[in-house]
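The values are calculated or read from the model by the stated rules, or taken from the named source; none is laboratory data. Keep in mind the model is a prediction, meaning the values are calculated, not measured. Don't worry about glycine lacking a Cβ; one is built from the backbone with ideal geometry, like all the others, and counts go over all protein chains shown.
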Amino acid sequence: MPKIALYVCPQTRCSSLSMAMDAFALANSLSGRAEFELQRFSLDGQAVDLGFARVQVDGDLSLATAADCLLLPATGSAIDSTLSANAALLPWLAQRPPSQQLASLCSSAFLLAAAGLLDGRRATTHWALAGQFRRRFPQVDLQIEQLLCHDGNLLSSGGAQAGLDLCLYLIGQQAGAELARQVANALVFDSQRGSQARYAPLLPSQAVQDSQLATLLQWMQRHQGEAIDLKRLADQASCSPRTLLRRFKAGTGLTPNDYLQRLRISSAQQALLSPANSLEQIAAQVGYADRATFAKLFKQLCGETPGTFRRRMRQAP
């Protein structure tokens, strides 16, 4: 029977901890026998105050050493304070038994990376933390579009509910795919959810501070269906192409072409909500000469085809 030890610290998100506990407990219940032994641990073995709940634990780091799998629930988006408060955990993680599985949910991937465990390895985290993660840990192969990454004995999951994808994956590994399916059904959870890219916004969410660039972005919004190249954009902004590239990247984090494609696909998502618009019509409307090019880029940016997106939106309440 695999022993799973869940780490609890003051930054632990209660929802992430309880979701993981519930998934494995439900697996035990549906199986009719104890498939997993669950334990909670903290740095010092003392109960942890999570603000509105005080969580009892079963022991300290010495308890976790004997576990088959260490699971780190999400720790929120205050990365600096989380890394500082859990500094004592990092060297311990790096020295744990090499055969032990280690899994992070959402933002706790930062703890694994700070311990040096993800260098040269594939990993994921919440899509909104991608930029910060890449700046801090450029040596990690971050696959932010993935809901779940498994590289050797290291596992990581994307934002929020993707933690349940990881728990179901572990249940399937240890107790079989059928039990994992039963747990997903009992939780009314679709385990075939595709890419995390489906949930990330296509365009930068922050307002652009450069007023001239903001004016150019508004112009691109109005003319997105037309043929637009770098020279035309530079002429519109009354600057050289090189200057525009520099200012555009600084203001949006994207190149002009990347921004244009995301702008077009974002408009296409809105158009797909109407059943009256065919894919060919939508492709032409947002600036693509053929449906195939449009569909390929849509899937690349959104993690699903235009048709799948449309069907999913029709099923939404």
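Before moving on, here are some points about what is shown:
- Residues satisfying the stated conditions in region 191-202, i.e. among the aliphatic types (A, V, I, L, M) and in a loop (DSSP other than H, G, I, E, B): Ala200, Leu202
- Gln270 being over 30 Å from Leu129 (Cα atoms) and surrounded by fewer than 19 Cβ atoms within 10 Å (Cβ to Cβ): no
- Residue tally, condition under 18 Å from the mean Cα position of the chain (by Cα) and not small (Gly, Ala, Ser), over region 74-91: 2
- In region 92-109, the residue that is nearest to the chain's Cα centre (by Cα) out of those that are outside any loop (DSSP other than H, G, I, E, B) and under 23 Å from Gln174 (Cα atoms) is Cys106.
- Scan of region 38-85 for residues that are part of a loop (DSSP other than H, G, I, E, B), of a type in the set (Ser, Thr, Tyr) and surrounded by fewer than 18 Cβ atoms within 10 Å (Cβ to Cβ), ordered by number: Ser77
- Applying the set (1) surrounded by fewer than 19 Cβ atoms within 10 Å (Cβ to Cβ); (2) in contact (Cβ under 8 Å) with a residue 40 or more places away in the chain to Leu129 leaves exactly one unmet item: (1).
- Considering region 132-190, and only residues there that are charged (D, E, K, R) and outside any loop (DSSP other than H, G, I, E, B), the residue that is surrounded by the fewest Cβ atoms within 10 Å (Cβ to Cβ) turns out to be Arg135.
- Members of region 11-36 found to be assigned to a loop (DSSP other than H, G, I, E, B) and either surrounded by 15 or more Cβ atoms within 10 Å (Cβ to Cβ) or not assigned by TED's automatic domain parsing to the domain that holds Pro73 (or both), listed by number: Gln11, Thr12, Arg13, Glu35, Phe36
- Exactly one residue out of Asp68, Asp80, Asp60 is out of contact with any helix residue (DSSP H, G or I) (no Cβ under 8 Å at 6 or more places or on another chain), farther than 17 Å from Ala103 by Cα and either in contact (Cβ under 8 Å) with a residue 12 or more places away in the chain or of a type in the set (S, T, N, Q) (or both), and it is Asp60.
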